[in-house]
Amino acid sequence: MFGKDSYRFFEQKFSQYNSDNLINVDAKEFENKLKSWLGKVDYEVEGYSEDEVARQRDLSIKFHWGHNHHFGSFNLSGRMGNRHIELMSDFSELFSLTQDTFADKSILDVGCWTGGTTLLLAACGAKSVVAIEEVKKYADAADYLVRSFLPKEKAKVEARSIYQCDEPDFKKAFDVVYFPGVVYHLSDPVLALRILFNALKIGGCILIESSGINSDQPYCQYDGAGVFHKNDRESQKQLNRGGWNWFRPSPKALARMMRDAGFVNVESCWHGKRGRVFAIGKKIDERGICKAGLSVPDIE
Ligand SMILES: C[S@@+](CC[C@H](N)C(=O)[O-])C[C@H]1O[C@@H](n2cnc3c(N)ncnc32)[C@H](O)[C@@H]1O
């Protein structure tokens, strides 16, 4: 177990990533580079034309820093606040994780934004972390951050969507898939879960956190591109544009999707304080998936 004050444990682990511990880069150059990205509008980098911009998420159009980071000589506030630390603490308390959950493991960090969680997983003793991110500007930023603190073999970031992880180098490659804050952003959560199941080695586990609904029935709420939530940071600032939440699952719905994707020993729950769904599942063998109606019928 990570102990009673697991938040403090993870906070301390993360604090090593300060300007004193940079490798390969001068501290001032590092600071200037990070600050030069903030607020930059660069939809072309994401492959969007100007007339598409109004339909896309603000986060894909304009650069927003992800997780809070105290670099010592300067600080960056992130749209996700201290979520990288809070979530790790929540997972460890809800599912009695131990240091063995991450230590010496190869870990896939899905939807890494600017890389706060990627760094934290590495600090928890991971053998290696591969982070993926569909928004290119964030993948580039996370890559720069990771390169500035860690040797190549410890962590790498790839600009790719989860749907592009159905590749030979992702198959049976990971001991742990860390998947918070993403499943409700996906139009096809079952396919994504199957791809992540295939990415795990036998004996591996997946940790999921999601926006969701507090129901004891296996329901999902379909939002789609047009629904803006009152408490959502993006919509509060009237920045939200299309494609924010697709299906928001109840704990039972998420558990069913996970079982359909192949996971066993699935546990899921509603975290009242956070107002979010948490789940864990294991891969204990290779098993098939029902192919009827799958968007990619030839998925393994
Ligand atoms: C709410 S943030 C969560 C960030 C981080 N995982 C966390 O929990 O703090 C969702 C992130 O997932 C990324 N994302 C959304 N859909 C994705 C996809 N299909 N493939 C990869 N990344 C995706 C978003 O661009 C964003 O960076």
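Some notes on this structure:
- Looking across region 103-121 at every residue that is of a type outside the set (Lys, Arg) and away from the ligand (no atom under 15 Å from the Cβ), the one that is surrounded by the most Cβ atoms within 10 Å (Cβ to Cβ) is identified as SER106.
- Residue, surrounded by the fewest Cβ atoms within 10 Å (Cβ to Cβ), within region 190-206, restricted to residues that are in a helix (DSSP H, G or I) and within 15 Å of the ligand (Cβ to nearest atom): LEU191
- Within region 69-99, the set of residues being assigned to a loop (DSSP other than H, G, I, E, B) and more than 11 Å from the ligand (Cβ to nearest atom) comprises PHE71, GLY72, SER73, PHE74, SER77, PHE95, SER96, LEU97, THR98.
- Failed criterion for TYR48 (all others in (1) farther than 18 Å from LEU119 by Cα; (2) open to solvent by 90 Å² or more (accessible area, probe 1.4 Å) hold): (2)
- Among the residues of this structure, GLN238 counts as one that is at pLDDT below 95, open to solvent by 40 Å² or more (accessible area, probe 1.4 Å), over 16 Å from the mean Cα position of the chain (by Cα) and away from the ligand (no atom under 12 Å from the Cβ).
- Count of residues meeting criterion [under 18 Å from the mean Cα position of the chain (by Cα) and either hydrophobic (A, V, I, L, M, F, W, C) or at positive phi (or both)] in region 273-300: 5
- Long-range neighbours under 7 Å by Cβ, at least six apart or interchain, first residue more than 27 Å from ASP166 (Cβ to Cβ) and of a type outside the set (Gly, Ala, Ser) within region 84-113, second away from the ligand (no atom under 16 Å from the Cβ) and open to solvent by less than 10 Å² (accessible area, probe 1.4 Å): GLU93/SER6
- In region 154-189, of all residues being in a helix (DSSP H, G or I) and open to solvent by 20 Å² or more (accessible area, probe 1.4 Å), the one that is farthest from VAL130 (Cα to Cα) corresponds to HIS185.
- Each residue in region 55-68 was checked for being near the ligand (Cβ under 9 Å from one of its atoms) and either modelled with pLDDT of 95 or more or acidic (Asp, Glu) (or both), and 2 pass.
- Among the residues of region 157-190, those identified as out of contact with any Leu (no Cβ under 9 Å at 6 or more places or on another chain) and farther than 29 Å from SER250 by Cβ are GLU158, ALA159, ARG160, GLU167, PRO168, ASP169, LYS171.
- In region 262-280, the qualifying residues are those that are closer than 20 Å to GLN217 by Cβ and among the small types (Gly, Ala, Ser), and the one that is least open to solvent (accessible area, probe 1.4 Å) is ALA279.
- Scanning region 132-152 for residues that are open to solvent by less than 50 Å² (accessible area, probe 1.4 Å), over 17 Å from ASN18 (Cβ atoms) and away from the ligand (no atom under 11 Å from the Cβ) turns up nothing.
- For region 100-137, residues that are part of a loop (DSSP other than H, G, I, E, B) and under 30 Å from TYR43 (Cβ atoms) total 7.
- Residue in region 51-92 that is farthest from ALA126 (Cα to Cα), counting only those that are open to solvent by 50 Å² or more (accessible area, probe 1.4 Å) and in contact with a Ser or Thr (Cβ under 9 Å, 6 or more places away or on another chain): SER73
- Checking GLU31 against (1) away from the ligand (no atom under 11 Å from the Cβ); (2) in contact with a Cys (Cβ under 8 Å, 6 or more places away or on another chain); (3) at pLDDT 95 or above, the condition it does not meet: (2)
- Check on GLU11, closer than 21 Å to TRP244 by Cβ, in contact with a helix residue (DSSP H, G or I) (Cβ under 9 Å, 6 or more places away or on another chain) and in contact (Cβ under 8 Å) with a residue 24 or more places away in the chain: no
The values are calculated or read from the model by the stated rules, or taken from the named source; none is laboratory data. Nothing here was measured: the structure is a model prediction, and the numbers come from that model. Note that each Cβ is placed from the backbone with ideal geometry, even for glycine, and that neighbours are counted across all protein chains shown. All accessible areas refer to the heavy atoms of the entire protein, side chains included, with ligands and DNA or RNA removed. Shrake-Rupley method; radii C 1.70, N 1.55, O 1.52, S 1.80 Å.
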